[in-house]
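The block underneath contains the structure these notes are about, expressed in structure tokens.
The values are calculated or read from the model by the stated rules, or taken from the named source; none is laboratory data. Predicted, not measured: the structure shown is a model, and the values here were computed from it. Because the Cβ atoms are built from the backbone with ideal geometry, glycine has one as well, and the counts that use them run over all protein chains shown. Only protein heavy atoms, including side chains, enter the accessible area calculation; ligands, DNA and RNA are left aside. Shrake-Rupley method; radii C 1.70, N 1.55, O 1.52, S 1.80 Å.
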Amino acid sequence: MSTVSASTKIDVLVVGGGSAALCAAIAARRHGATVRLVEHAPLSLRGGNTRHARNFRLMHDTAHCYVPDSYGEDAFMNDLHRVTRGATDATLARVLIRGSATIAPWLQANGVALQDPGCGVMPYSQRTAFFLGGGKTMINALYATAARIGIEICYDSEVVALPTSDGQGGNVVIDRGGITELVSPKALVLCCGGHQSDRAWLRDSFGDAADGLVVRGTPYATGRVLRMLLDAGARPVGDPSQGHIVAVDARGPPVDGGIVTRITAIPSGIVVDRNAQRFHDEGEDARKTHYARWGERIAQCPGQIAYLIMDAHGRARALPTALPPIEADSIAALAVKLGLDPAALEATTRGFNAAIAGGELIQRRTAQLAPAKSHGAVALAVPPFAAYPMRPGLTFTHFGVAVDPQMRVIKSDGSRFENIFAAGMIMAANVLGRGYLAGLGVTLSAVFGRLAGEEAARHAAR
Amino acid sequence: MPPDDLEAERVLRICTACMYCDGLCAVFPAIAGKHDFAPNDLTYLANLCHNCRGCWYACQYAPPHHFAINLPNTLAELRQRSYADYAWPRWLGRGFGANARVVAAIVGGITASMLIATLLLVPANVLFAAHHGPGAFYRVVPWPIMAGAAAATLLSAMLAIGISAASYWRAITPRAGTKAILRALYPAVLDIVTLRNLGGGGPGCNDADEKFSQQRRWFHHVMVAGFAFSLAATLIAAFYHHVYAVAAPYSLTSLPVLAGGIGGVTMLIGIGGLLLLERRADRALSAAAEIRLNIVFLVLLALVAGSGLAVLALRETAAMGLVLTLHLGIVIGFFAILPVSKAVHGLYRSLALLRAAIERARPRRSGDE
């Protein structure tokens with residue numbers, strides 16, 4: 001049953017509940033607008049994927065108490081070009097990078113606490129600042145500020161219709177527990193993320209591989225508003241079948257696993273598919289971010305599953321994991337526990353062990369083995385043997401709507417929606433058409449969110 | 001493994017893989033890079049936790065998330081068990097279970113027997129008379145009985161807690177030489193005295209909700225300061241008695257009375273604040289047994305301070321005899337129950353902070369990403 005209440009007049013309606021939405025709402029309110037923020041999630045799960053964020057990337061010319069040394073505009077731009085291989089809008093990238101220079105003090109002024117790199121156990125990071133307590137603490141602080149300065153916050157509220165005409169957004173329909181409400185804002189800021197939690201859409205984009213995907217973030221990134229925007233004529237950017245996909249523990253939750261389920265120990269062992277066959281060089285990339293390269297590979301495996309196999313020494317070299325590895329005293333017994341063919345796994349392991357050539361431990365590689373293990377090839381010999389089943393974990397897709405430098409949504413014909421602004425992951429593909437940089441998600445959300453909020457307030461004041 | 005330990009292991013594994021809270025308190029650096037948690041490690045971590053609740057509000061995996069992490073509650077349950085496990089003599093451990101009843105029975109019993117003994121042994125015309133001048137108190141309760149009973153209970157309590165703390169330390173001792181331990185003493189004492197770990201890495205604790213506050217830290221400081229003043233008053237009075245040979249009661253402007261009066265009032269302010277925070281706090285983030293232990297201890301401490309102030313207020317009147325006996329009963333009862341009270345946390349937490357300081361001095365293990 002649904003009822004429609006009398007339409008409510010407000011200046012700026014912000015759709016979403018993550019860092020982009022909060023920064024937009026706070027910026028708009030501080031520019032004098034009356035603001036309502038509608039978050040699809042309940043209070044306990046508010047915050048979108050910012051809940052799983054840890055740090056954010058920022059340009060800075062000098063050291064601050066939360067980030068050492070300096071990280072200049074050109075260095076930031078080079079990093080962005082390197083990971084996107086050119087799939088970035090240079091104008092928006094400049095807006096992002098220059099905006100990042102002032103975002104830390106702005107967040108601090110709005111209650112967010114940043115961690116001193118000298119305390120705790122986090123490694124020294126020249127390019128990113130860390131939230132004290134992580135992304136959820138940051139989100140809590142911004143919600144507290146938003147409430148204090150008079151922003152109306154509604155949880156469990158989903159935008160179900162977004163009518164547009166004459167290049168304008170009109171009456172927005174919001175559903176809250178089956179009760180619908182009509183809101184007529186002067187300006188709309190859409191900060192409700194991509195479509196990575198919509199299984200049906202993922203199947204459209206990724207085919208059968210979608211069934212094996214684990215969604216790492218919030219289940220509320222349904223892409224419903226993104227779809228409505230596209231249907232209303234917004235210009236798409238990026239590719240819905242491309243995403244940031246990493247290797248995650250197959251035993252983790254199907255959504256919302258966040259950071260702890262990623263498997264970071266691949267160089268310490270061998271990776272086999274469900275036929276107990278190796279399929280890629282595990283030593284190729286020994287950097288801490290290597291797991292980000294394995295997501296795509298596992299997605300290509302039969303059944304979208306693979307297994308990391310280590311011996312006791314390999315496990316000791318690895319970082320701790322959220323779920324303990326599956327252990328057994330022999331390779332055959334481990335195979336049984338994993339549901340693999342014991343003879344096949346034994347043959348693979350034997351072949352791997354036999355192919356190891358001499359040399360220093362770290363440089364040690366296999367000889368005459370396909371695929372090779374080019375670094376850290378150490379025999380799997382010491383029980384107990386340990387294994388992690390792995391699946392591809394989707395963080396976000398490289399797909400969204402085009403925006404101009406004022407964060408206005410651009411239509412396919414090149415014109416703009418005059419009062420519809422977008423920020424955060426719903427428009428991230430404009431600057432991040434491919435790849436990922438640590439801490440870029442929050443930077444993008446905060447910088448573009450703040451900008452979109454200010455522009456929306458200016459529009460509403462006209 | 002007991003179910004508490006299994007749950008702690010499950011939760012701490014997720015925490016080591018996450019580490020977003022590493023700036024909040026000493027617990028997270030202490031688990032960095034750990035693959036497994038032995039029961040004695042859990043005992044150590046449980047007492048290192050100050051139950052500031054920062055990690056609950058920061059947790060991306062808090063219920064209703066699939067992982068349903070509630071680290072403050074998990075560690076509080078373990079902490080309560082460790083109090084019972086390391087109690088000496090062993091049977092004393094049971095006193096932590098039904099703490100309110102045990103404490104009420106012991107303190108009530110001691111106080112009642114002292115009142116009855118006074119009524120039976122002190123002639124009514126002495127007990128119900130107003131006494132003045134040096135030695136007034138001892139005309140009701142003779143000094144050897146007063147000092148003897150108090151000292152005997154306090155010393156036996158200190159012995160029991162000392163032996164408990166020694167076996168706790170044996171269980172959690174890090175592998176470190178004497179030099180390393182001595183080097184860690186100063187930073188550890190600093191952590192103990194400043195309650196740095198009730199600061200959430202700077203902004204403060206989460207006393208009631210996601211807002212930060214330093215209230216818990218300050219009220220604890222105020223209460224301890226009041227206790228220190230009261231202790232100083234007793235020591236100064238003992239000095240007056242033995243060295244100057246001047247017997248109590250002392251004048252209102254004398255050092256023991258001033259220190260005792262300030263101490264009593266300060267303690268009551270601190271206790272009131274802590275009780276108020278206990279009322280406002282989310283109970284799901286602690287253990288039921290811990291909340292009970294806190295409240296029982298705070299109420300008893302308030303009775304000690306309050307009855308002490310009552311003696312001061314009524315010492316010139318005919319009520320002095322009974323009020324004095326009542327205060328003595330509560331004080332001696334308080335001493336008697338110290339080994340089954342929240343007082344034990346002071347030593348356990350201090351030792352845990354010492355181990356943390358020793359481990360902190362070691363080279364830092366690199367993090368990830």
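Can you pull the semi-axes for the protein assembly as shown, root of five times each eigenvalue of the Cα gyration tensor, sorted largest first, whole Å?
Whole-Å semi-axes of the equivalent ellipsoid: 59, 36, 22.
This model, with +1 at the C-beta of Lys and Arg and -1 at the C-beta of Asp and Glu, gives region A:360-462 a dipole about its Cα centre of some 220 debye. Converting phi to 3J(HN,Hα) with the Karplus coefficients 6.51, -1.76 and 1.60 and the offset θ = phi - 60°, region B:78-94 yields 5, 4, 4, 5, 5, 4, 6, 4, 9, 5, 10, x, 3, 5, 5, x, 5 Hz in sequence order, with x at every glycine or proline. What the phi angles of region B:237-243 give under the Karplus curve with 6.51, -1.76 and 1.60, with θ = phi - 60°, is a coupling list of 4, 4, 5, 4, 5, 8, 8 Hz, glycine and proline written as x.
The mean number of Cβ atoms from other chains found within 10 Å of a Cβ in peptide A:260-270 is 2, as a whole number.
Averaging sequence separations of C-alpha pairs under 8 Å and six or more residues apart, then dividing by the length of region A:115-257, give the relative contact order as a whole percent.
Details: 138 pairs, mean separation 23.3, N = 143.
So the answer I get is 16 percent.
Could you work out how far helix B:143-172 tilts from the main Cα principal axis of chain B, as a 0 to 90 degree angle to the nearest 10? The answer is roughly 10 degrees. For the residues of A:121-128, the average number of beta carbons from a partner chain within 10 Å of their own beta carbon is 4.
Averaged per residue, region B:80-237 has 55 square angstrom of accessible surface, using a 1.4 angstrom probe with ligands and nucleic acids left out. Just the number, please: Stokes-Einstein D of region A:270-415 in µm²/s, Kirkwood Rh from C-alpha pairs, 25 °C, 0.890 mPa s. My calculation gives 144 µm²/s for D.
Peptide packing: for B:98-105, A:437-444, the average count of neighbouring Cβ atoms within 10 Å per residue gives the ranking A:437-444, B:98-105, highest mean first. Per-residue ellipticity at 222 nm computed for chain B from its helices equals -22000 deg cm²/dmol, with DSSP H segments shorter than 4 residues left out and the rest contributing -39,500 (n - 2.57). When +1 charges are put on Lys and Arg Cβ atoms and -1 charges on Asp and Glu Cβ atoms, the dipole computed for the protein assembly as shown relative to its Cα centre reaches about 1280 debye. Shown here for region A:108-214: chymotrypsin sites (Phe, Trp or Tyr not before Pro) in loop regions (DSSP other than H, G, I, E, B) with at most 15 other Cβ atoms within 10 Å, namely A:124.
Indicate the gyration tensor shape class of chain A (rounded, prolate or oblate), computed on the Cα atoms with a ≥ b ≥ c the square roots of the eigenvalues: a/c under 1.5 is rounded; otherwise a/b larger than b/c is prolate and the rest oblate.
Prolate, because a/c is 1.5 or more and a/b exceeds b/c.
Listed cross-link partners A:9/A:136; A:136/B:211; A:288/A:373 are compared with a 24 Å cut-off, the Cα-Cα value being larger for A:9/A:136.
Please sort through the DSSP H helices of chain A and keep those with an alpha-carbon extent of at least 27 Å along the long axis and a Kyte-Doolittle average not below 0.0.
Those that clear 27 Å and a mean of 0.0 are A:90-109, A:440-461.
Measuring between their Cα centroids, region B:308-353 and region A:83-98 lie 69 Å from each other.
Helix B:99-121: angle to the longest alpha-carbon principal axis of chain B, degrees 0 to 90, nearest 10? For B:99-121 against chain B, the angle is about 10 degrees.
Evaluate the charge dipole of region A:113-201 about its Cα centre and quote only its size in Debye, nearest 20, assuming +1 on the Cβ of each Lys and Arg and -1 on the Cβ of each Asp and Glu.
Computed about the Cα centre, the dipole is about 320 debye.
Across peptide B:54-64, the mean count of Cβ atoms from other chains lying within 10 Å of each residue's own Cβ comes to 6. Computed packing ranks the peptides A:422-431, A:294-303 as A:422-431, A:294-303, most packed first, by mean other Cβ atoms within 10 Å. Taking N as the residue count of chain B, its C-alpha radius of gyration divided by 2.2 N^0.38 Å amounts to 1.10. Our Cα-only numbers for region A:1-93 put the radius of gyration and Dmax at 18.7, 58 Å.
GNM on chain B, alpha-carbon springs under 10 angstrom: the most fluctuating residue among B:321, B:273, B:23 is B:23. Buried accessible surface for the B/A pair, both sides summed and rounded to the nearest 100, is 3600 Å² with a 1.4 Å probe. Each part gets one Cα centre, and for region B:159-224 versus region A:428-450 those centres are 41 Å apart. Relative to the globular-protein estimate of 2.2 N^0.38 Å, the Cα radius of gyration of region B:228-369 stands at 1.39. Largest to smallest in accessible area, the residues A:85, A:199, A:216 fall in the order A:85, A:199, A:216 (1.4 Å probe, all protein chains included). Of the residues A:459, B:242, the one with the largest accessible area comes first in the ranking B:242, A:459, computed with a 1.4 Å probe on protein heavy atoms.
Would you kindly calculate the translational diffusion coefficient of region A:230-353, applying Stokes-Einstein with the Kirkwood radius from alpha carbon pairs, for 37 °C and a viscosity of 0.692 mPa s, and quote it in µm² s⁻¹ without decimals?
It diffuses with D of about 207 µm²/s by this estimate.
Highest mobility in the GNM of chain B, judged by mean-square fluctuation with C-alpha springs under 10 Å and restricted to B:185, B:353, B:198, is found for B:185. For region B:95-167, the alpha-carbon coordinates run over 50, 25, 17 Å along the three principal axes, in decreasing order. Here the Debye sum runs over all C-alpha atoms of region B:108-248 as equal scatterers in vacuum, and log10 of I(q)/I(0) at q = 0.09 Å⁻¹ comes out as -0.56.
Mean residue ellipticity at 222 nm, helices only, chain A: -9000 deg cm²/dmol; runs of at least 4 DSSP H residues each add -39,500 (n - 2.57), and the sum is divided by the number of residues. Selection among B:120, A:307, A:107 by position relative to the dipole of the protein assembly as shown gives B:120 as farthest towards the positive end (Cβ unit charges, Cα centre). Kirkwood's formula applied to the C-alpha pairs of region A:385-462 gives a hydrodynamic radius of 14.2 angstrom. Rounded to the nearest 10 degrees, what's the angle between the helix B:3-18 long axis and the longest principal axis of chain B, both from Cα atoms, 0 to 90? Relative to chain B, helix B:3-18 is tipped by roughly 60 degrees. The convex hull drawn around the Cα atoms of region B:36-88, when projected onto a plane and averaged over every direction, covers 4.2 nm².
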